[in-house]
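Report on the following structure.
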Amino acid sequence: MNRFWLTFGLAFTLSATITAQDSILLRTEKAWYNKSKEDTGVFGVNTEKAHQFLKEKNRKPVAMIAAVLDGGVQADHIDLKDNMWVNPKEKAGNGKDDDKNGYIDDVYGWNFIGGADGKNVDGDTLEKVRMYKYTYLPMFEGADAAKNAENKTKNPEAFADYEEIKAEISSKVQESQNLLVQYTMMKQMAETGFPPLVEAFGSELVTEESLGKYTPTEETMPAMQFFAFIPKDYWEGKTMAAISKQLTDEFQGGIEYFEGQINYHYNVDFESRGIVGDDYADKKESKYGNADVEGPDAGHGTHVAGLISAVRGNNKGIDGIAGNHVKIMGVRTVPNGDERDKDVANSIRYAVDNGAKILNMSFGKSHSPERDIVWDAMRYAEKKGALLIKAAGNDDLNIDVDVHYPSNFDDKGNKVIDAVITVGASTPDASALKASFSNYGKKSVDVFAPGTEILSTVPHDEFKEEQGTSMASPIVAGVAALVWSHYPKLTALEVKEIILKSVNKNEQLADISVTGGVVDAYNAVKLAEEMYKNKK
């Protein structure tokens, strides 16, 4: 569903936000996804060895554009702004379509979920809820009871889907309402109990010993109770102030998530499209939206962008995988809810028409009523020589069976295009490589890549660990950009072949993906070097 990162369970998996001022050593250590499997036993993508190999071979990169189709990108982030794509033919802020591409002031990209008046879609419904409202309710709950009964008989699969969605809407709204109450109460407990704890502990780093020595007061008891059920590695070695902020932020995030479920995702009465102002029924329409590539919530897209091409070597944050010659084009496609097929199709076409060779798509959904126009856009991108890289999804499902859109397989199971890599999420634990949440599929998931505890850029010039196949996908996009920009005569299909053939295989992944392995940038550039020599 929508943008793929995992949050808001009671497992407390989120980490504290890291600022640009925090130590480089700390940020480097946290970026486990760059590690070498050969040297450390951790299935990272071996980023630094890959860069060193390219330097030794004196391979000079060419400029390349990677499009991030997502919820928004903070273009002026301290660790991204120098690596943002800037439309060379567009003059910022003059209100004109200088390059005559149909999009006014598209300096950093385009926003297909905003209006010409500058307003933006934030929350939206799930696609299944839109199908329930606009397709299934008229079909099965219309004014003509006889016609309803006839439709049920003639369309048994649609009726079964309708009943399933109807039940899900009811259960999810109730569940979210209950959890909203719980998270609100826990946030209040934290806000009440932690201030005196923060005062008592001061700058002292919290340890099991220091907690054992502390005698709770009536005032601090609510906060002390949290330490009974949150993991030790969540709080040990941090100040009480940092723990307080971390917990409070997570509870607030949970509150916002469950409010989104209630007010947007499962709200049958909600409709956002008036903000965009397009003729939604006209699927060929493409000239709508605005130039705001950040939007109201750029957390997910900014995180994705940093993994591909955060500025390397500036000592301000993380080092992106691809290198400073790879520029990020922001294409705002995904709301807080499910993306719409029309917007996905137009985003793909916009990206390739404006020079993007790699498109990262860290989103997806269970229903896709206009999937044909998305498939047409994917075919268009392939003909333009682009490579699409997309997240497999976070439902722990076999997507060979439970289709995850945008799928690269049509309704008959035939492959739509070849120039797609679908990515599952892996962990740093070699004994349990598949992330517990990651979707999988012997036919539908090509490779795995790191997708848990992934440190990258987030808004307000900060850095944060997140998890999901949304993070695994841009890591592969970064590797693809690294390879392709240094070996520019390769085709998209050859870059895909290199990435798939150069994985570190593991039997745990053999039956749940095409390659049975985790992407490795060092192996990939070595294979590219070999292929390139033979190509000449």
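Can you name every one of the helices (runs of 4 or more DSSP H) wholly within region 168-257 that holds 3 or more residues which are touching a Gly at 6+ places or on another chain (Cβ under 9 Å)?
221-224
Can you find even one residue in region 75-85 that is modelled with pLDDT of 95 or more, of a type in the set (Phe, Trp, Tyr) and either over 25 Å from the mean Cα position of the chain (by Cα) or closer than 19 Å to Pro296 by Cα (or both)? It would help to see each step written out before you state the result.
The initial filter retains those residues of region 75-85 that are modelled with pLDDT of 95 or more, namely 75-85.
With the extra rule that they be of a type in the set (Phe, Trp, Tyr), the set shrinks to 85.
Now narrow it down to the ones that are either over 25 Å from the mean Cα position of the chain (by Cα) or closer than 19 Å to Pro296 by Cα (or both): none.
No, region 75-85 contains no residue that is modelled with pLDDT of 95 or more, of a type in the set (Phe, Trp, Tyr) and either over 25 Å from the mean Cα position of the chain (by Cα) or closer than 19 Å to Pro296 by Cα (or both).
When region 123-181 is examined, which residues are found to be of a type in the set (Asp, Glu), surrounded by fewer than 18 Cβ atoms within 10 Å (Cβ to Cβ) and within 35 Å of the chain's Cα centre (by Cα)? Full working, then the answer.
Here is the first cut: in region 123-181, the ones of a type in the set (Asp, Glu) are 124, 127, 141, 144, 150, 157, 161, 163-164, 168, 175.
If we keep only those that are surrounded by fewer than 18 Cβ atoms within 10 Å (Cβ to Cβ) too, we end up with 141, 144, 150, 157, 163-164, 168, 175.
Within region 123-181, Glu157, Glu163, Glu164, Glu168, Glu175 qualify.
Does Asp343 fit the bill of being under 16 Å from the mean Cα position of the chain (by Cα), in contact (Cβ under 8 Å) with a residue 40 or more places away in the chain and surrounded by 24 or more Cβ atoms within 10 Å (Cβ to Cβ)? It would help to see each step written out before you state the result.
On the way: under 16 Å from the mean Cα position of the chain (by Cα): no; in contact (Cβ under 8 Å) with a residue 40 or more places away in the chain: yes; surrounded by 24 or more Cβ atoms within 10 Å (Cβ to Cβ): yes.
The answer is no for Asp343.
Quickly run through region 63-89 and pick out the residues that are surrounded by fewer than 24 Cβ atoms within 10 Å (Cβ to Cβ), within 15 Å of Ser309 (Cα to Cα) and in contact with a Phe, Trp or Tyr (Cβ under 9 Å, 6 or more places away or on another chain). I'd like the intermediate steps shown before the answer.
Here is the first cut: in region 63-89, the residues surrounded by fewer than 24 Cβ atoms within 10 Å (Cβ to Cβ) are 63-65, 75-76, 78, 81-82, 84, 86-89.
Narrowing further to those that are within 15 Å of Ser309 (Cα to Cα): 63-65, 75-76, 78, 81-82, 84, 86.
Hits for region 63-89 are Met64, Ile65, Ala75, Met84, Val86.
Would you mind stating whether Gly313 is free of Cβ contacts under 8 Å to residues at least 40 places away in the same chain and more than 18 Å from the chain's Cα centre (by Cα)? Please lay out each step first, then the result.
On the way: free of Cβ contacts under 8 Å to residues at least 40 places away in the same chain: yes; more than 18 Å from the chain's Cα centre (by Cα): yes.
So Gly313 passes the test.
Return yes when Val293 is part of a loop (DSSP other than H, G, I, E, B), in contact with a strand residue (DSSP E or B) (Cβ under 9 Å, 6 or more places away or on another chain) and in contact (Cβ under 8 Å) with a residue 60 or more places away in the chain and no when it is not. Outline the logic, then answer.
Working: part of a loop (DSSP other than H, G, I, E, B): yes; in contact with a strand residue (DSSP E or B) (Cβ under 9 Å, 6 or more places away or on another chain): yes; in contact (Cβ under 8 Å) with a residue 60 or more places away in the chain: yes.
Judged against the criteria, Val293 is a match.
With Glu250, Glu294, Glu259, Glu271 as the choices, which residue is within 16 Å of Asn120 (Cα to Cα), within 21 Å of the chain's Cα centre (by Cα) and among the acidic types (Asp, Glu)? First the steps, then the outcome.
Values: Glu250 fails: within 16 Å of Asn120 (Cα to Cα); Glu259 fails: within 16 Å of Asn120 (Cα to Cα); Glu271 fails: within 21 Å of the chain's Cα centre (by Cα).
Answer to the selection: Glu294.
Within region 500-531, count every residue that is assigned to a helix (DSSP H, G or I), open to solvent by 30 Å² or more (accessible area, probe 1.4 Å) and among the charged types (D, E, K, R).
Count: 4.
Do the conditions hold for Lys489, that is, is it in a loop (DSSP other than H, G, I, E, B), in contact with an Asp or Glu (Cβ under 7 Å, 6 or more places away or on another chain) and surrounded by fewer than 24 Cβ atoms within 10 Å (Cβ to Cβ)? Talk me through it step by step, then tell me what you get.
On the way: in a loop (DSSP other than H, G, I, E, B): yes; in contact with an Asp or Glu (Cβ under 7 Å, 6 or more places away or on another chain): no; surrounded by fewer than 24 Cβ atoms within 10 Å (Cβ to Cβ): yes.
The answer is no for Lys489.
The values are calculated or read from the model by the stated rules, or taken from the named source; none is laboratory data. Treat the numbers as computed from the prediction; the structure is a model and nothing was measured. All Cβ positions, glycine included, derive from the backbone under ideal geometry; neighbour counts span all protein chains shown. Quick note on the areas: whole protein, heavy atoms, side chains included, nothing else; ligands and nucleic acids left out. Shrake-Rupley method; radii C 1.70, N 1.55, O 1.52, S 1.80 Å.
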